[in-house]
Every structure is written in C-alpha cells, then in structure tokens.
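Since the structure comes first, as structure tokens, the remarks are kept for the end.
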Amino acid sequence: MVPSKRSLRALLAVVVLLSAGAVASSYATAQPNIAETQAAADADPRSPPVSTVESGSGSGTGPISGPDAGPETTPAGGDATATTPGTAGPSLQVRANRTRLDPGDDVGNVTVVATQGFYVSDEQAELVAFSEAGEVLYYDDTYRVYFDVDPVPGERNTVEYVASRHMNGADCASVDTERCTYNVFRRVNLTTGVDREVYGEVTPQIVSGRWHDIDRVNETHVAIADIVRDSVRIVDTRTNETTWEWHANRTFDRSEGGQPGDWTHVNDVEVLADGRIMASVRNMDQVIFIDPGEGVEANWTLGAEDDYSILYEQHNPDYIPPSEGGPAILVADSENSRVLEYRRVDPETGAPTTGTDGEWRRVWGWRDSRVQWPRDADRLPGTTTLVTDTHGDRVAEVAPNGTVVWSVTVGMPYEAERLGTGDESTDGRSMAAIREANTTAGSGGPLSLVAWATGGDATRVVLAPDDGPVDFAWVTLKEVVPSLAVNGILFAGPSWLRFHDVVFGGLALVAGLTWAGLELRWAGLGLRRWTGRLRRRLDDV
Ligand SMILES: [Ca+2]
Ligand SMILES: [Ca+2]
Ligand SMILES: [Ca+2]
Ligand SMILES: [Ca+2]
C-alpha cells in the first residue's frame with residue numbers, strides 16, 4: 001500500500017520538528033564556558049569562594065586574552081599579574097581573566113582541567129580548577145589553547161601546563177612565516193596566581209599547538225612529545241638545549257601514519273621509573289617504549305597501524321608499573337570513544353610479566369552513552385578512574401563497575417588531574433590488582449564492586465550500570481557511525497553541539513530534503529520532467 005500524500009507530509013513534518021527541536025533544546029540548555037560564566041559571577045559579590053583579582057573592566061571575556069593577544073608587560077590584574085624574571089621572548093602576559101584558589105577553603109578534592117576551546121565559534125580555552133561540589137576555584141584563559149596539566153610533586157596547589165597562542169609579524173621572524181605559534185610550558189601556583197614560564201618555543205604557521213604533552217624528568221630537564229619534529233626529546237630548561245632525542249623515522253616508515261606536516265602526531269610522553277620512555281604515536285595507533293640507548297623495544301609496542309580493535313588514535317596512555325599490579329597501560333581509546341586498560345602477561349600462564357615474550361591483553365574498559373572522543377584517563381589511588389570526555393564536555397570519575405561517581409561539565413576538555421594524587425596514574429593500581437583486593441575482601445568487602453556488567457569477561461567494555469535501553473541504542477549507534485567524521489564535525493562546531501545533535505541535525509536535514517523532493521514531484525516538477533522541459537525549450541530555440 002502506498003501511503004497518501006497527507007500521511008507522508010504528516011510523518012515528515014513530525015520527524016523534522018522533533019529532530020530540529022532536539023537540536024534547539026541542546027542549544028538552549030547549553031552550559032557556556034567557564035570564563036563566560038565567571039564574567040557574570042565576578043560582577044556578583046555574593047559568589048564565594050571565587051576570589052576574582054580582576055580590576056577595572058568588569059568583564060572576564062575581553063579581548064586582552066584573545067587568540068591574537070600580543071606579548072604584554074603591563075600589569076593589569078593587581079597582585080595576580082605574574083612576572084617572569086629571567087625569561088626572554090614573548091612570555092609576559094596580562095593575566096586579567098583569572099580567579100585564585102583560596103587555600104583556606106575546605107573544598108574537598110580539587111580537579112584541574114585543561115581545555116582546548118572552540119575554533120569556529122571562537123570560545124576561549126581555559127585552565128580551570130573545580131571543587132568537589134563543582135565550584136570554580138581558579139580559571140585562566142590567557143592562552144588560545146591548553147593541553148597537558150601535571151601537578152608539581154611536593155607542592156599542594158601548583159601545576160605545570162602546556163599551552164599555545166598565535167602570533168604574527170615580527171614575533172615570527174625566527175621561523176620565517178607570516179603567522180606562527182608560540183608553544184609554552186609554564187608553572188602556576190593556583191593559590192598565589194604566580195605563573196612563570198619554564199620553557200617555550202616558536203613554531204611555524206598557525207596550528208592549535210604543537211606540544212600536547214610534556215613530562216618532567218627532574219628539576220632541570222623536561223621530556224617533550226614534539227609533533228612538529230615527529231620526535232620525543234629531552235630539553236635542559238636552563239640552557240634550552242636538547243640533550244637527547246628519538247626521531248620517529250628511526251622506527252616508522254613514511255607510508256605509515258598521517259600526512260607530511262602531521263605525520264606521527266606524537267601526543268604523549270612519560271618518563272618511566274625504570275629509565276625507559278613511553279610515548280603515544282597517535283597516527284600509527286601505537287604506544288611505544290623507548291630505551292634511551294637502544295631505541296624502541298618492538299615487542300613492548302601496544303597497538304598496530306590501523307588495527308582499530310586495539311587502539312584508534314589514542315591519547316594519554318599511563319603506565320602502571322609491576323609494583324601496582326602492572327605492567328599495565330590505561331589509555332583513552334579516543335576514536336573508539338572508550339577507555340581501555342591492557343595488562344602485559346605471559347601468553348601461556350596469563351601471569352604479569354616484563355619479559356620480552358609478554359603480550360598485551362585487555363583487562364578493563366569503560367564507556368557510557370555520553371562519552372565521545374575521550375582523551376585522558378588517570379587511575380586514582382583508590383579504585384576509580386578520572387576520565388576526560390572531550391566531546392561529552394565533561395570530566396567524569398568512574399568506578400570499576402562503570403558507575404559515574406562524580407562529574408563536572410566543561411567545554412572541550414583535553415586532560416584533567418586530581419590534586420594531591422600525583423601526576424597522571426601515580427599510585428593508581430591496575431584493575432587486576434583492584435579485582436584481587438576486592439576478591440580478598442569478599443563480596444561485602446569495602447570496595448563493594450558489585451557484579452561486573454561484563455559477566456566475568458574482563459575483555460568486554462563495562463557500560464554504566466544505570467544506563468537504560470535508550471543509552472544502549474546510542475552506544476550502538478556510536479559504534480556504527482564513522483567516528484573521524486563525527487568527531488571532526490564536533491571539533492569544528494560550537495561548544496553546545498553534542499553527538500546526538502549531529503544525529504538529529506542530520507535526520508532533520510534528510511527528512512527536510514526528502515519532503516522538498518516529494519513536494520516538487522507531486523507538483524509535477526520532478527527533476528527528470530523539469531530537465532525534459534528545459535531540453536525541449538532549448539531545442540525550440
Ligand atoms: Ca598530565
Ligand atoms: Ca605531562
Ligand atoms: Ca593520563
Ligand atoms: Ca591526567
């Protein structure tokens with residue numbers, strides 16, 4: 001039976017209205033970025049414990065810290081304007097858009113988040129600290145983009161972070177391009193606001209940022225994951241000299257990975273206690289282990305080029321050593337929109353091993369219906385995992401059974417750290433060790449991990465237990481749509497856009513076009529008939 005025109009019109013109208021309505025409601029209920037929220041909060045004196053230090057303008061979103069802000073030396077923010085003694089180059093900034101964490105406040109766990117901002121809608125990136133209750137304790141949006149953040153050992157409220165901003169003209173003379181990017185590694189005390197440059201470099205062209213991770217080696221040296229040079233290197237920050245470097249062309253063939261200009265996209269580096277260096281080579285879908293004297297230990301590599309069942313353009317792998325139940329790697333399997341943990345075991349006995357004959361086996365994984373393009377996961381010292389959910393616009397703390405036990409909404413986060421728990425997964429145990437402790441404690445034990453949603457199969461990804469059938473449908477849909485395309489749309493889109501908006505927007509578009517096509521056909525203006533008429537007219541001429 002062919003449906004009537006009337007019922008087809010009604011059906012298409014309902015689809016268009018509902019889908020467009022879903023997108024519109026996302027737009028209407030979107031949470032603005034922190035800086036925008038704070039601009040209003042700053043004006044309200046009854047909004048403790050935010051201790052704004054801004055003076056004068058009354059606006060937290062002024063052009064002072066916009067993407068094209070040049071180097072500035074004029075103090076504009078009273079005592080919070082940091083000076084950077086002893087550093088040359090474009091390192092001094094006006095730090096107007098900033099609040100400070102008050103050391104006197106008892107705010108529970110503090111989580112520091114570095115965000116990337118939005119290009120097309122030009123929403124600022126920020127470094128922001130949240131209290132356990134989700135209050136903003138500190139924020140700074142001086143830079144165009146923020147990536148890595150690491151707590152400084154032995155300091156309660158001090159972090160080091162990687163950021164970038166864009167420059168042009170004379171500032172770019174050293175790289176010989178009209179516009180360029182200044183990449184910087186800085187240290188900030190979140191309570192005093194004192195913020196100083198540790199190391200910085202200008203790179204050619206305007207790119208979001210060419211360093212996404214830096215790891216401290218010791219008081220004087222840092223390891224840089226260098227996307228421009230396709231290398232991992234160690235720099236002496238006193239002399240700015242590179243003292244050691246591993247280049248990707250020692251290990252990879254040019255036919256692998258991405259295009260020239262973004263060949264490896266090496267996005268993470270971790271200096272291990274055993275002297276090796278672990279790096280994430282995103283475009284090859286691999287986590288590698290480098291012996292500084294010998295090069296890559298091939299039999300330790302996790303993942304393989306284009307084998308997306310293991311890793312798909314991952315971010316931020318953390319190594320969990322044997323002393324904490326490893327060797328294990330906790331990693332954001334970004335394009336697969338999940339967090340995974342692999343453990344290195346003897347293939348015959350299944351026992352953990354550091355031997356050359358070991359293999360990586362998946363032992364835990366997590367996703368829920370909201371997570372989209374996660375880029376960081378830290379195993380905290382208890383049993384939970386702190387996940388940075390970039391296109392889900394949140395940072396979420398997840399229990400081993402998949403329950404989200406804490407979360408905060410923030411636009412386009414890159415990575416997060418929980419203050420007081422060390423850098424990344426320091427003191428975090430492998431899931432195998434957590435399971436073992438739970439088993440020892442018994443089913444009513446203090447960890448009370450409840451029944452595993454995976455039915456005992458450790459290789460299966462855990463879903464949030466309170467997710468219903470609708471959530472399951474979204475997870476399934478995410479598994480079938482091309483993730484690179486969807487994440488590309490979300491990356492270019494404004495902050496309020498989420499995965500379901502892309503789906504509903506696409507549905508509204510398809511239904512709208514179908515409707516328009518049907519109306520044309522019903523009106524006798526079908527494409528073929530129309531071109532036929534045109535041809536006849538042309539013949540008549
Ligand atoms: Ca970090
Ligand atoms: Ca780091
Ligand atoms: Ca991490
Ligand atoms: Ca982290």
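The values are calculated or read from the model by the stated rules, or taken from the named source; none is laboratory data. This one's a predicted model, so the numbers in the text were calculated from it and none came from an experiment. Neighbour counts are summed over all protein chains in view; Cβ atoms, including those assigned to glycine, are modelled from backbone coordinates with ideal geometry.
Before moving on, here are some points about what is shown:
- Filtered residues of segment 366-394 (kept if outside any strand (DSSP E or B) and either hydrophobic (A, V, I, L, M, F, W, C) or more than 16 Å from the chain's Cα centre (by Cα) (or both)): ASP368, SER369, VAL371, TRP373, LEU380, PRO381, GLY382, THR383, THR384
- Where ASP171 falls short, out of the listed (1) assigned to a helix (DSSP H, G or I); (2) within 16 Å of ligand 4 (Cβ to nearest atom): (2)
- Test: TRP496 is modelled with pLDDT under 90 and either within 20 Å of ALA28 (Cβ to Cβ) or under 25 Å from the mean Cα position of the chain (by Cα) (or both): yes
- Some residue of segment 366-373 being away from ligand 2 (no atom under 16 Å from the Cβ), in contact with a Phe, Trp or Tyr (Cβ under 7 Å, 6 or more places away or on another chain), of a type in the set (Phe, Trp, Tyr) and on the phi < 0 side of the Ramachandran plot: no
- Scanning segment 245-278 for residues being over 15 Å from GLU305 (Cβ atoms) and touching a strand residue (DSSP E or B) at 6+ places or on another chain (Cβ under 7 Å) gives a total of 13.
- Test: residue in segment 516-532 that is under 14 Å from ARG370 (Cα atoms) and of a type in the set (Val, Ile, Thr): no
- At least 1 residues being touching a strand residue (DSSP E or B) at 6+ places or on another chain (Cβ under 9 Å) and within 16 Å of ligand 4 (Cβ to nearest atom) is the threshold, and among the strands (runs of 3 or more DSSP E) wholly inside segment 184-244 those reaching it are 211-216, 221-226.
- Condition met for ALA170 (surrounded by fewer than 22 Cβ atoms within 10 Å (Cβ to Cβ), away from ligand 2 (no atom under 16 Å from the Cβ) and not basic (Lys, Arg)): yes
- With respect to the conditions (1) touching a Ser or Thr at 6+ places or on another chain (Cβ under 7 Å); (2) of a type in the set (Val, Ile, Thr); (3) within 16 Å of ligand 2 (Cβ to nearest atom); (4) under 19 Å from THR192 (Cα atoms), VAL112 falls short on a single one, namely (1).
- Any chance THR384 is modelled with pLDDT of 95 or more and farther than 20 Å from LYS478 by Cβ: yes
- Residues of segment 313-329 that turn out to be over 13 Å from LEU272 (Cα atoms) and within 16 Å of ligand 1 (Cβ to nearest atom), as a count: 3
- When restricted to residues that are in a strand (DSSP E or B), more than 16 Å from ligand 2 (Cβ to nearest atom), without any contact (Cβ under 8 Å) to a residue 60 or more places away in the chain and surrounded by 18 or more Cβ atoms within 10 Å (Cβ to Cβ), segment 323-365 contains 6.
- From the list VAL194, VAL175, the lone residue that is within 28 Å of ARG250 (Cβ to Cβ), at pLDDT below 95 and over 19 Å from the mean Cα position of the chain (by Cα) is VAL175.
- The residues in segment 495-541 that are of a type outside the set (Lys, Arg) and closer than 30 Å to PRO413 by Cα can be counted, and the count is 14.
- Close Cβ contacts (under 9 Å, 6 or more residues apart or on different chains) running from residues in segment 213-225 that are in contact (Cβ under 8 Å) with a residue 40 or more places away in the chain and among the aliphatic types (A, V, I, L, M) to residues that are more than 16 Å from ligand 3 (Cβ to nearest atom) and part of a loop (DSSP other than H, G, I, E, B) comprise ALA223/VAL217.
- Of residues in segment 393-416 being in contact with a Ser or Thr (Cβ under 7 Å, 6 or more places away or on another chain) and not hydrophobic (A, V, I, L, M, F, W, C), the one nearest to ligand 4 (Cβ to nearest atom): GLU415
- Subset of segment 329-355 [more than 16 Å from ligand 4 (Cβ to nearest atom) and closer than 14 Å to ILE288 by Cα]: TYR342, ARG344
- The listed residue being in contact with a Gly (Cβ under 9 Å, 6 or more places away or on another chain), closer than 29 Å to VAL152 by Cα and modelled with pLDDT of 95 or more, out of ARG379, ARG418: ARG379
- Residue, nearest to ligand 3 (Cβ to nearest atom), within segment 395-423, restricted to residues that are under 10 Å from the mean Cα position of the chain (by Cα) and assigned to a strand (DSSP E or B): GLU415
- Candidates GLY422, GLY428, filtered to the one that is surrounded by fewer than 22 Cβ atoms within 10 Å (Cβ to Cβ) and within 14 Å of ligand 1 (Cβ to nearest atom): GLY422
- Any pair with Cβ under 6 angstrom, 6 or more apart, that starts in segment 264-275 at a residue that is under 12 Å from GLN286 (Cβ atoms) and in contact (Cβ under 8 Å) with a residue 40 or more places away in the chain and ends at one that is more than 13 Å from ligand 2 (Cβ to nearest atom) and in a strand (DSSP E or B): VAL266/VAL281
- Identity of the residue in segment 258-281, within 22 Å of ASP376 (Cβ to Cβ) and outside any strand (DSSP E or B), that ends up nearest to ligand 3 (Cβ to nearest atom): LEU272
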